[in-house]
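S.K.: Take a look at the following structure, please.
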Amino acid sequence: MNCTKCKTKAVIKIPRHHAAFCKGCFNSFVHDQVARAIKSQKMFAKDDRILVAVSGGKDSLALWDILLKLGYKADAFYVNLGIGGYSERSHQMVRRFAESVAVPLGATWHAHTVEQEEGAGIKELAQLVHRPTCSTCGTLKRYQFNRAAIEHDYDVMATGHNLDDEAARLLGNVLHWQEDYLDKQGPVLPASVEGFAKKVKPLYRLSERELAAYCVLNKIDYIVDECPMAQGARSLLYKEVLNRLETESPGTKQYFYWGFLEKQRKKDSISPTMTEKDRAMLHPCATCGQPTTAETCSYCKLMARAKAPSTS
Ligand code: Q46
Ligand code: ZN
């Protein structure tokens, strides 16, 4: 099998593009997909300061690497959730990548340790407030990521969601007809009132398999295990189903998600997006000042419950 571009020996096949690439041409392909995502969705400009949410996994570390190699000013934000060995290893992966690749390229990184800052690990916090771990985690990560972006004056926050993540999420939203979520499922969430940074997903054109290959070929060490709390998550089942369809018929995931984006783009040009409607409903949280649609934001409510003397 030879590289579709330069005809030397190929190292990876990309069935959905009817192509195969050598290492050099594969790296160009990956960088080009990200550059196209940034440009076509107007994510950010060359002199914008970007804060990348990193977890130590392949997607977020690949994203940080790609943005730096494309010449963007990209720093990172990591949350140590206090989930035993998993958090220790993921923290180590982030530190290792930062010290060997990112810092020498002029980037910095911020770490938030939940046990120190919130007083307990994510599982204990969730137990204290009687909520599922992942929903407590989601509230906390969203809040702290946004707070860090605003405090350190970043123009945009970027996450490592890839094509598989977005297609699985779309499938879940369609199966349950979550119309509110469908409206907000694009790769760009604009900044809403002062206090909410713009959020983008520059990897939505690349699959999980392509990002894993990018890390391996470029010697980026990442944590292979999923977070132990993710086991049994619906999203994993949706990914499996989509992978079966993709094997039978390459390009299904891309067609499904990109097709949705195209329809959404046409719809948005006719009627205002939900995000604009939401923006009108936001005001500062009474406790911390971050934007919220309620009196107090969900993070402050969560922390108030966690600190209350008798929560059981
Ligand atoms: S929500 Fe749940 Fe993830 Fe948080 S506790 Fe782990 S699996 S990391 S995206
Ligand atoms: Zn608040």
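Read-outs: derived from the displayed coordinates by stated rules, not from any lab. Just so it is clear, the model here is predicted, and its values are computed rather than measured. Backbone-built Cβ (ideal geometry, glycine too); neighbour counts: all protein chains shown.
S.K.: Using a 10 Å cut-off around each Cβ, can you sort K13, K46 from fewest to most neighbouring Cβ atoms?
M.R.: K46, K13
S.K.: Could you tell me the distance between the Cα centroids of segment 207-253 and segment 92-110, to the nearest Å?
M.R.: 24
S.K.: So how much slack lies between R89 and W177, counting 0.36 nm per residue of separation and subtracting their Cα-Cα distance, in nm?
M.R.: Answer, rounded to one decimal: 27.9 nm.
S.K.: Something else about it: Within the set K5/K69; K201/K267; K13/K58; K198/K307; K201/K239, which residue pairs have Cα atoms separated by over 26 Å?
M.R.: Details: K5/K69 21 Å; K201/K267 21 Å; K13/K58 19 Å; K198/K307 31 Å; K201/K239 18 Å.
Exceeds cut-off: K198/K307.
S.K.: Next question. Counting other beta carbons within 10 Å of each Cβ, put L163, L189, L302 in order, fewest first.
M.R.: On the way: L163 26, L189 18, L302 22.
Listing L163, L189, L302 from fewest to most nearby Cβ atoms yields L189, L302, L163.
S.K.: Please give the length that would be gained between D32 and T296 if that part of the chain were fully extended, namely 0.36 nm times their separation in residues minus their C-alpha to C-alpha distance (nm, one decimal).
M.R.: 90.8 nm is the gain from fully extending D32 to T296.
S.K.: If you take the alpha carbon radius of gyration of the chain and divide it by 2.2 N^0.38 Å, what ratio comes out, to two decimals? If you can, show how the numbers build up before the last one.
M.R.: On the way: Rg = 19.9 Å, N = 312, 2.2 N^0.38 = 19.5 Å.
Output field value: 1.02.
S.K.: On to the next question. Based only on other Cβ atoms within 10 Å, what is the fewest-to-most ordering of F145, F29, F21?
M.R.: F29, F145, F21
S.K.: Enumerate the amide H contacts of F77 below 5 Å, restricted to partners 5 or more residues apart or on another chain; note that Pro and chain-start residues carry no placed amide H.
M.R.: V52, A53, V54, H110
S.K.: With an 8 Å cut-off on Cα pairs and a minimum separation of 6 or more residues, tell me the relative contact order of the chain in percent.
M.R.: Computed value for the chain: 19 percent relative contact order.
S.K.: I've got another one for you. Give a residue-ordered list of calculated ³J(HN,Hα) values for segment 101-109 (Karplus: 6.51 cos²θ - 1.76 cosθ + 1.60, θ = phi - 60°; whole Hz; x for Gly, Pro).
M.R.: Here the 3J(HN,Hα) series is 10, 6, 4, x, 8, x, 8, 10, 9 Hz.
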